[in-house]
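The values are calculated or read from the model by the stated rules, or taken from the named source; none is laboratory data. Values in this document were obtained by computation on a predicted structure and should not be read as measured data. Here the Cβ is made from the backbone with ideal geometry for all residues, glycine too, and neighbour counts use every protein chain on show. Heads up: the accessible areas ignore ligands, DNA and RNA and are worked out on the full protein's heavy atoms, side chains in. Shrake-Rupley method; radii C 1.70, N 1.55, O 1.52, S 1.80 Å.
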Amino acid sequence: WSSTFFGPTKIAESLRAIAARFDETIQEKAEAVIAKYQPAMQAVLDEYRPRLEGKTAMLFVGGLRPRHTIGAYEDLGIQITGAGYEFAHQDDYDRTSPEMAKGTLIYDDVSEFELEKFVEELKPDLVGSGIKEKYVFQKAGIPFRHMHSWD
């Protein structure tokens, strides 16, 4: 089991998995927390999902693992068409593969040139990566999310 707190679906799954390790009182309190925040999260999804439904994204990160954020993109209707790591171990791939849709391109420690070629081929609507890749894709007119910055 791997917890992640990115996106409403994965937050609820993680809270339930943690609560399952405790008694019914804790489980009921976890459900109450989920229910309390569900309307606010649903309001955000209702606002943004219609514009994002069917869009695609590619991710390439080092420390923050793509598997941690895939669910948040999916909650918004965005399909991840490619994901990879700069600093990965076998367990990263073992834990990421089940999170990915069939046919998703998974890449390992690609060079800037290779990543650019993957983006040219798959034509994502968004690229999420680090600062090294930011300007290449912004100059190409591809929306970019800096995955190592929380601003």
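Details
- Hits among lysines - C-alpha to C-alpha of residue 36 under 28 Å, sequence gap 8 or more where chains match: 10
- Averaged per residue, the chain has 60 square angstrom of accessible surface, using a 1.4 angstrom probe with ligands and nucleic acids left out.
- To the nearest ten degrees, helix 112-122 and the longest principal axis of the Cα atoms of the chain are 70 degrees apart.
- Of the options (1) 1.24; (2) 1.13; (3) 0.96, only one is Cα Rg over 2.2 N^0.38 Å as computed from these coordinates, and that is (2).
- Straight-line reach from residue 139: taking Cα to Cα under 17 Å and skipping same-chain neighbours fewer than 8 places apart, the lysines in range are 117, 123.
- Here the label points at residue 37 and residue 16, each 7 Å from Cα along the C-beta direction, are separated by 1.6 nm in the simple model.
- Heavy-atom accessible surface of the chain: percent carbon and sulfur, 1.4 Å: 56 percent
- Principal-axis tilt of helix 8-19 within the chain, Cα atoms, nearest 10 degrees: 50 degrees
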